[in-house]
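Encoded as structure tokens, the structure appears first; notes follow it.
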Amino acid sequence: MMSTNISIISLCVALLSTALGQLLFKIYFKKKKNKYFVGAMTSFLCIPLFSYLALINLTISAVYMSTALTHVLVLIGSYTFLEEKLSTYQYMSMTLIISGITVFNL
């Protein structure tokens, strides 16, 4: 039987895989190199397995509410790796998403 810690780690891997896949897809459309497309698809293929592992010990509402974090991770990744500028509205939306997830999971 899996522990709750492994489910939480699996949820984190699923969220990071989603964000990584979206970032690689953005890079693919900028640079048109197939390695980024393959990386994005590989990342997307990992998500169902880790989501399933997360759902073994966590509630479905907690897991799927946490998937909203992918928006925050993609914005942070775009800012960090793609040097995109973030607007005030994007910072406000990240704050609201994190606040909503926190309040929901209390």
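Along region 86-99 the Karplus relation, 6.51 cos²θ - 1.76 cosθ + 1.60 evaluated at θ = phi - 60°, assigns HN-Hα couplings of 9, 8, 4, 5, 5, 5, 5, 5, 4, 4, 5, 5, 5, 4 Hz to successive residues, with x for each Gly and Pro. In the list (1) 46; (2) 32; (3) 40, the label attached to percent of Cα pairs over 20 Å apart as derived from the coordinates here is (1). Mean residue ellipticity at 222 nm, helices only, the chain: -28500 deg cm²/dmol; runs of at least 4 DSSP H residues each add -39,500 (n - 2.57), and the sum is divided by the number of residues.
For Met2 and Phe37 in one chain, what is 0.36 nm times their gap in residues minus the Cα-Cα distance, to one decimal in nm?
Full extension from Met2 to Phe37 adds 9.3 nm.
Assign unit charges at the C-beta atoms only (+1 for Lys and Arg, -1 for Asp and Glu), then state the dipole size of the chain relative to its Cα centre in Debye, rounded to the nearest 20. Write down the numbers at each step before the final one.
Details: 7 positive and 2 negative charges, 105 e Å.
Approximately 500 debye in magnitude.
Where only protein heavy atoms count, and the probe is 1.4 Å, what is the accessible area per residue for the chain in Å²? Spell out each step's value before the answer.
Details: 7050 Å² over 106 residues.
With all protein chains present, the chain gives 66 Å² per residue.
The distance between label points at Thr80 and Met65 comes to 2.5 nm (points 7 Å beyond Cα on the Cα→Cβ vector).
Taking trypsin sites (Lys or Arg not before Pro) in DSSP loop conformation with at most 13 other Cβ atoms inside 10 Å as exposed sites, the chain has its longest uninterrupted site-free stretch at 34-84.
Considering only Phe37, Phe50, Phe81, the Gaussian network model of the chain with Cα springs below 10 Å gives its largest mean-square fluctuation to Phe81.
What is the extension gain from Asn57 to Ile97, computed as 0.36 nm multiplied by their sequence separation minus the C-alpha to C-alpha distance, in nm to one decimal?
Values: separation 40, 0.36 × 40 = 14.40 nm, distance 2.35 nm.
Computed gain between Asn57 and Ile97 is 12.0 nm.
To the nearest ten degrees, helix 4-31 and the longest principal axis of the Cα atoms of the chain are 10 degrees apart. In order along region 40-45, phi translates into HN-Hα couplings of 5, 5, 4, 4, 5, 6 Hz, rounded to whole numbers, per the Karplus curve 6.51 cos²θ - 1.76 cosθ + 1.60 with θ = phi - 60° and x for Gly and Pro.
Which percent of the accessible heavy-atom area of the chain goes to carbon and sulfur, probe 1.4 angstrom? Carbon with sulfur: 71 percent of the solvent-accessible area.
The values are calculated or read from the model by the stated rules, or taken from the named source; none is laboratory data. Keep in mind the model is a prediction, meaning the values are calculated, not measured. In this analysis, Cβ positions are derived from the backbone assuming ideal geometry, glycine residues included, and neighbour counts consider all displayed protein chains. Side chains are part of the model used for accessible areas, which takes the heavy atoms of the whole protein and leaves out ligands, DNA and RNA. Shrake-Rupley method; radii C 1.70, N 1.55, O 1.52, S 1.80 Å.
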